[in-house]
Structure formats: C-alpha cells, structure tokens
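The structure under discussion appears below in the form of structure tokens.
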Amino acid sequence: MFCKNCGTQLKDGAAFCTNCGMKIAPVGQSDAGVASKPVPPVAPDKEVYYEPPVSSKKSLQTPIIIAAVLIVAVIGCLVAVLVLRNRDTDEDVVSHDISSEKEDFEDEFIDEPEKEEEPAEEVEDERPQESQIIEESVEEVNQYILQNSDSAYLTHEDLVGLTKEECRLARNELYARHGRRFDDEGLQNYFDQKDWYTGYIDPADFSDSVLNDFEMANRDLIVQYEEEMGYR
C-alpha cells in the first residue's frame, strides 16, 4: 500500500506514514469519514549546506592590490631612470674634463715646433783622470821626507829605514816649511826644487819659536834617532 499524501510505499496494516506521518485509513474505510490531521513534515535525512555568496567587499580587494603593485612598479622604474640619467650626466662631465685636460696638454707640448737636435759638440773632459790624480798624490807625498811632521807626532817606527842624509833633510824640512833659507848650498838647492817651498827668511833672522808643538817634538825625535844610529 502507498501513502496518499507523499506516495511512500508502506507495509500492509500501517497506521501512519513513516515518511510524512500522515494517518493511514484501514483498508475498506472511506477516506471521507476520517478527519485529516496535519502532520508536520519530517526533516530530510541529508543536510543541505548553503554556501553564501562572496561579498562585494572581498571582490573589490583584488583590483586594489593589483593597482597598488602597478603603482609601486611605475615608481621604481621612474627612480631607476633618474639614477641612470644622473650617472650618465656625471660620466659626461668627467669625460669632458679629461678631454679638456688632454687637449690642454697636447696644446702645451705638441703645438710647439720640434727643434732639430744639434749634434753635441765633443767636449774634452776637464776632470783629471784617476791615474793623473794618483800620480799627483804620489808626487805630493814625494815632496816631503816626512809629510805629516808638522801636524802629527811621529814615532820611532816612522823613522826606521831613513838614511843619514834623509834624516838631515827631514829635520831641516821643519824649518823650510816656515820659509827659512839655508847657508848650505846643497840644502838650499834641494828645497828650491820643491813646489811648496818659498824661502824668504834669512837664517840669521829665523827663530825656532815659529815651530808648533808637533814640529818641536818631531825635531827632537829625529835628533835622538840620528844619535842612536850614529849619524851625528
């Protein structure tokens, strides 16, 4: 049998519909004699979920975000362009300064007419050669028997090897340094040949007081050596 209200199939002899709850009249009983009683509908077994529509506020957020990103990108591009333009300007200024300095340098040195180099004249080297200096030094030393007898104290070793005549010349050499002339013709001729000698004091006018301490000590040392060697 079936429910006349909702059409649900029911068991035979059922008093109520299991679906809508409507009272079922017994078989053979007219439906007219049964007072109909409203039965509240039974909730369906499955729940129906309702998805609310997306709000208009949320739908507007996406275009705003996109617009903000575009604005930031445009600003970034403008800043980059300005930076590159300033750098190019600075490079142009620097290159211009370098070019100007280069042109000034070229104008200063290149514009001058090149002068032909004249062949260098051979100039004789006026400096004395090393061999000449050595020879002059040796010759100067040879001018004296005892070269430092007027400026240093001599020792016995300085006199070793001198002959009798050399001791005599070395002793009178102390006087000749001060311009004394000699009565002995041999001594006078000897000192006249020396470049450093200038005799202008007669023997009678010469005084030993002109001798310094070195010369007086060396004179006495020569005399002592002459006595030791038996030259006197």
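Laboratory data are not the source of any read-out in this text; all were calculated from the coordinates shown. From a predicted model like this one, the values you see are computed outputs, not experimental measurements. For neighbour counting, all protein chains shown are included, and Cβ atoms are generated from backbone atoms with ideal geometry for every residue, glycine included.
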* **For peptides 194-200, 79-85, sequence by mean Cβ density within 10 Å, most packed first** => 194-200, 79-85
* Asked: When the Karplus curve 6.51 cos²θ - 1.76 cosθ + 1.60 is applied with θ = phi - 60°, which whole-Hz ³J(HN,Hα) does each residue of the stretch 14-22 get, with x for Gly and Pro?
  -> 5, 8, 10, 7, 6, 9, 9, x, 6
* Structure fact -> Here, Lys23 and Leu78, labelled 7 Å along Cα→Cβ, have an inter-label distance in nm of 8.4
* To do: Search the structure for amide H atoms under 5 Å from the amide H of Phe16, placed 1.01 Å from N in the peptide plane, and list their residues when 5 or more places away or on another chain.
  => Ile24
